[in-house]
Number of protein chains: 2
Amino acid sequence: MRPQDLIQKKRDGEKLSKDEINIFIKGVCDETWANYQISALLMAIFLRGLDKEEQNFLTAAMLESGETLDFSGVGKPKADKHSTGGVGDKTSLIIAPLAACCGIAVPMISGRGLGHTGGTLDKLESISGYNVNLTTEKFHEIIEKCGFAMTGQTAKIAPADKTIYALRDATATVPYIPLIVASIMSKKLAEGLDALVLDVKTGSGAFMQKFEDSKRLAQALVKTGNNFGVKTEAVISEMSQPLGKYVGNATEVYECIRILRNEAEAEMLPTLELAVELTARMLILSGVSGSISDSRLQISNCLESGKALEKFRENIELQGGDPRVCDEPEMLLDKSLYKFEIVANKSGFVSEIDTCALGNAIVGIGGGRARAEDAIDPAVGYACEKYVGDEIRSGETLGILFCRNENQAHPISEKLQNAYKISESQPQKIELIREIIQ
Amino acid sequence: MRPQDLIQKKRDGEKLSKDEINIFIKGVCDETWANYQISALLMAIFLRGLDKEEQNFLTAAMLESGETLDFSGVGKPKADKHSTGGVGDKTSLIIAPLAACCGIAVPMISGRGLGHTGGTLDKLESISGYNVNLTTEKFHEIIEKCGFAMTGQTAKIAPADKTIYALRDATATVPYIPLIVASIMSKKLAEGLDALVLDVKTGSGAFMQKFEDSKRLAQALVKTGNNFGVKTEAVISEMSQPLGKYVGNATEVYECIRILRNEAEAEMLPTLELAVELTARMLILSGVSGSISDSRLQISNCLESGKALEKFRENIELQGGDPRVCDEPEMLLDKSLYKFEIVANKSGFVSEIDTCALGNAIVGIGGGRARAEDAIDPAVGYACEKYVGDEIRSGETLGILFCRNENQAHPISEKLQNAYKISESQPQKIELIREIIQ
């Protein structure tokens with residue numbers, strides 16, 4: 001079957017068979033389909049749709065296009081968390097050591113930042129020496145030793161996704177749930193998990209800003225995970241303001257270590273709250289805990305005893321990083337940075353934060369990537385001081401920008417200031433956890 | 001505006017502005033749009049549609065993407081004919097000398113065969129030495145001298161179309177009228193014409209097989225031509241059987257010269273009929289004739305006096321070809337070819353001919369191209385002996401295949417035989433000219 005015949009079928013609104021979807025993914029992997037044919041089919045899929053069965057065929061084909069990991073020898077339940085991405089979204093660095101402390105093996109395959117959202121790999125690399133390009137053998141070995149490891153996606157896992165995702169990004173075919181589900185789940189299902197918890201963001205800094213869209217995505221992800229035999233739940237969490245205190249890379253690692261050291265500042269508490277919720281659900285789904293209250297107890301024991309911090313230290317050592325960041329988290333903060341206060345231009349209440357604009361402003365000074373090939377500056381970042389619902393006086397600090405020099409600060413300080421909407425009446429505070437999808 | 005933002009707009013069903021369509025075509029020409037972005041937009045256009053205004057913007061942008069010819073110095077009305085393509089469709093070689101004889105300048109830019117349909121350039125190249133790759137200067141010079149010239153499209157005329165057409169062909173986005181209109185008309189409008197007659201084919205060998213689709217296409221083409229200031233008409237002609245006697249390249253030139261020599265065999269008369277109809281309309285639109293009857297009189301004078309043949313001879317000489325074909329058309333027929341009779345396997349009436357299948361069978365022995373880069377064998381071909389409505393006895397000849405050897409004949413003879421449907425009751429004869437769209 002020629003690519004154009006298969007494209008024509010979907011163009012005309014017909015359902016694709018399992019064989020046809022396999023032909024497509026095989027063509028993507030062996031490059032017998034040209035990129036322009038792949039993108040034409042993606043647009044036809046976007047506009048004509050995929051039904052639930054086609055979505056499963058696509059997920060399976062993408063999963064089977066590459067290798068799957070096998071941690072059955074590890075003797076523990078395997079679980080992971082995946083987030084749809086946000087600003088200041090740094091929970092992985094807390095969840096992985098916490099879950100590992102509680103007896104779960106966490107084979108965490110993460111991504112890099114793109115657009116206004118950050119990426120776990122970029123954050124980890126701000127720890128001097130930390131290696132996120134593990135071989136499959138090394139990944140196994142570290143998980144065996146300390147219960148978790150964090151690495152980038154190898155070319156061997158769901159290789160079709162890499163090509164398809166890059167094309168979707170360049171052809172306006174990203175925000176379609178069956179394509180998102182196939183992309184996320186083909187990679188996560190390759191990790192050989194028993195349980196998976198999804199953090200589906202909603203709000204101005206999320207990929208899906210409307211709650212109803214986020215909920216539909218969460219439902220589709222959960223259903224697909226369970227269909228493929230992985231116990232899956234989703235937490236829909238608010239991303240209409242940055243999560244926790246810091247946005248950036250080194251600054252976010254700093255926040256995580258402060259939390260693991262039981263030194264969380266008030267602004268960092270939402271990060272802890274979400275990390276605990278997600279970890280607790282991983283524990284239940286994996287069968288190492290029977291209830292949320294029991295999970296919370298296990299988690300707070302790990303935190304308060306310092307075991308979670310030690311677990312992270314162990315991991316940093318195994319992945320080649322400098323473990324002294326666990327003792328002196330301040331070493332992550334570059335003292336030479338220029339600090340610029342973003343102040344309110346009127347008095348009132350913070351009623352809205354354009355979190356996407358805020359994230360993009362930080363990308364603009366090197367805190368993230370506009371294009372996949374861009375380099376980042378791990379030190380720069382932003383510290384939030386005010387959140388939605390907070391009262392503010394004109395001239396008072398909304399947040400602090402950490403950048404290289406005054407010239408860099410100038411063009412983006414206005415963008416940051418404009419990201420805050422200040423109203424006369426006090427709006428409701430934001431509930432971090434919106435809904436659990438089981 | 002990034003390509004993905006423009007694609008998104010059409011994806012969401014919004015209308016594109018003139019500026020946006022210009023950005024797209026500019027991006028195609030300067031290659032700042034990747035092929036996968038072009039094809040994604042083409043699929044979005046196919047599924048979301050272009051309205052009449054967008055269709056005009058696209059046609060204008062594609063036209064303006066390249067150079068336009070200027071024959072204003074020629075002192076004659078300029079007119080051309082364009083066919084949507086068919087099997088045995090060879091009228092250009094009769095129309096061009098006839099129209100030139102009647103005082104029109106014909107700057108005919110033609111194409112090569114692709115798929116089951118033939119191409120004027122391939123046919124002309126079966127005349128030894130005939131050059132279809134004229135420079136713009138040479139094209140002008142020959143038109144000045146003999147009133148017509150026939151050449152291939154230069155890279156400078158509507159360059160965007162070349163890229164877009166190749167992508168449409170590979171991504172199942174060909175059969176959408178606004179895209180077809182922009183593709184055809186951007187090239188024809190570049191010829192600097194006063195008048196244009198379109199031969200829109202309908203039936204089993206046509207690009208648009210259903211009459212209603214052909215009619216919609218004809219109407220859109222005529223409207224666009226007139227919008228752009230070129231007097232335009234369309235003739236919808238039957239392509240549910242090959243036009244005239246021969247299918248092939250050298251064999252079709254042979255048929256045309258026999259017609260120009262007033263030696264037309266009975267099977268060749270439909271070719272003459274259609275050529276006269278199309279030429280007559282060119283004469284009226286160009287103002288060199290006031291009525292169809294007057295046009296027909298002028299045309300038959302040119303034919304019967306031998307002036308049309310002399311005009312073709314003059315053109316062949318100017319384009320470097322061997323003019324002896326005008327005196328000895330048999331030299332075009334390769335005597336060494338193997339002739340294989342296709343016979344009826346039952347008695348009855350020819351009720352249908354799968355003209356696309358017949359065309360493809362001839363492509364299969366080198367008479368045309370499955371892919372643009374394929375080479376052709378100019379000598380091979382097919383001579384029709386029976387048409388729709390003809391009575392036939394089992395074992396009687398339907399047509400004769402001219403091929404290289406028996407081995408070549410064998411696999412396609414069955415395809416040719418199967419292209420004919422033979423029924424017990426006599427069907428209606430086919431009316432060649434279905435409708436005139438003004």
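The values are calculated or read from the model by the stated rules, or taken from the named source; none is laboratory data. Nothing here was measured: the structure is a model prediction, and the numbers come from that model. In this analysis, Cβ positions are derived from the backbone assuming ideal geometry, glycine residues included, and neighbour counts consider all displayed protein chains. Just so you know, the surface numbers come from the protein's heavy atoms only, side chains and all, with ligands and any DNA or RNA stripped out. Shrake-Rupley method; radii C 1.70, N 1.55, O 1.52, S 1.80 Å.
Numbers at a glance
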| read-out | value |
| --- | --- |
| Residue among A:375, A:308 that alone is aliphatic (A, V, I, L, M) and not assigned by TED's automatic domain parsing to the domain that holds residue A:105 | A:375 |
| Residue satisfying condition, being assigned to a loop (DSSP other than H, G, I, E, B), farther than 18 Å from residue A:166 by Cβ, away from chain B (no Cβ under 14 Å) and at pLDDT 95 or above, within set A:106, A:87 | A:87 |
| Residue match in segment A:405-424 (condition: open to solvent by less than 30 Å² (accessible area, probe 1.4 Å), of a type outside the set (Asp, Glu) and part of a loop (DSSP other than H, G, I, E, B)) | no |
| Residues (surrounded by 14 or more Cβ atoms within 10 Å (Cβ to Cβ) and either β-branched (Val, Ile, Thr) or touching a residue at least 12 places away in the same chain (Cβ under 8 Å) (or both)) located in segment B:323-336 | B:325, B:326, B:329, B:332, B:333, B:334 |
| Checking residue A:85 against (1) out of contact with any Gly (no Cβ under 6 Å at 6 or more places or on another chain); (2) buried (at least 24 other Cβ atoms within 10 Å of the Cβ); (3) assigned by TED's automatic domain parsing to the domain that holds residue A:238, the condition it does not meet | (2) |
| Considering residues of segment A:161-173 that are of a type in the set (A, V, I, L, M, F, W, C) and crowded, with 19+ Cβ neighbours inside 10 Å only, the residue farthest from the other protein chains (Cβ to nearest Cβ) | A:164 |
| Qualifying residues in segment A:19-49 (those that are open to solvent by 20 Å² or more (accessible area, probe 1.4 Å), more than 15 Å from residue A:174 (Cβ to Cβ) and among the aliphatic types (A, V, I, L, M)) - the one nearest to the other protein chains (Cβ to nearest Cβ) | A:34 |
| Selected residue [at positive phi, assigned by TED's automatic domain parsing to the domain that holds residue A:119 and open to solvent by less than 10 Å² (accessible area, probe 1.4 Å)] from A:182, A:195, A:158, A:190 | A:158 |
| Those residues of segment A:123-168 which are part of a helix (DSSP H, G or I) and under 17 Å from the mean Cα position of the chain (by Cα), in sequence order | A:123, A:124, A:161, A:162, A:165 |
| Segment B:276-291 residues that are in the same structural domain as residue B:196 (by TED's automatic domain parsing), paired with ones that are buried (at least 23 other Cβ atoms within 10 Å of the Cβ) and basic (Lys, Arg) (beta carbon under 8 Å, 6 or more apart) | B:278/B:81; B:279/B:81; B:282/B:81 |
| Subset of segment A:344-354 (residues that are of a type outside the set (Lys, Arg) and loosely packed, with under 15 Cβ neighbours inside 10 Å) | A:345, A:347 |
| Condition met for residue B:314 (open to solvent by less than 10 Å² (accessible area, probe 1.4 Å), in contact with a helix residue (DSSP H, G or I) (Cβ under 8 Å, 6 or more places away or on another chain) and assigned by TED's automatic domain parsing to the domain that holds residue B:233) | no |
| Residue A:9 being at pLDDT 95 or above and away from chain B (no Cβ under 14 Å) | no |
| Selection from segment A:208-229 of residues that are part of a loop (DSSP other than H, G, I, E, B) and surrounded by fewer than 22 Cβ atoms within 10 Å (Cβ to Cβ) | A:209, A:210, A:228, A:229 |
| In segment B:261-294, the residues that are part of a helix (DSSP H, G or I), farther than 30 Å from residue B:225 by Cα and touching a helix residue (DSSP H, G or I) at 6+ places or on another chain (Cβ under 8 Å) | B:268 |
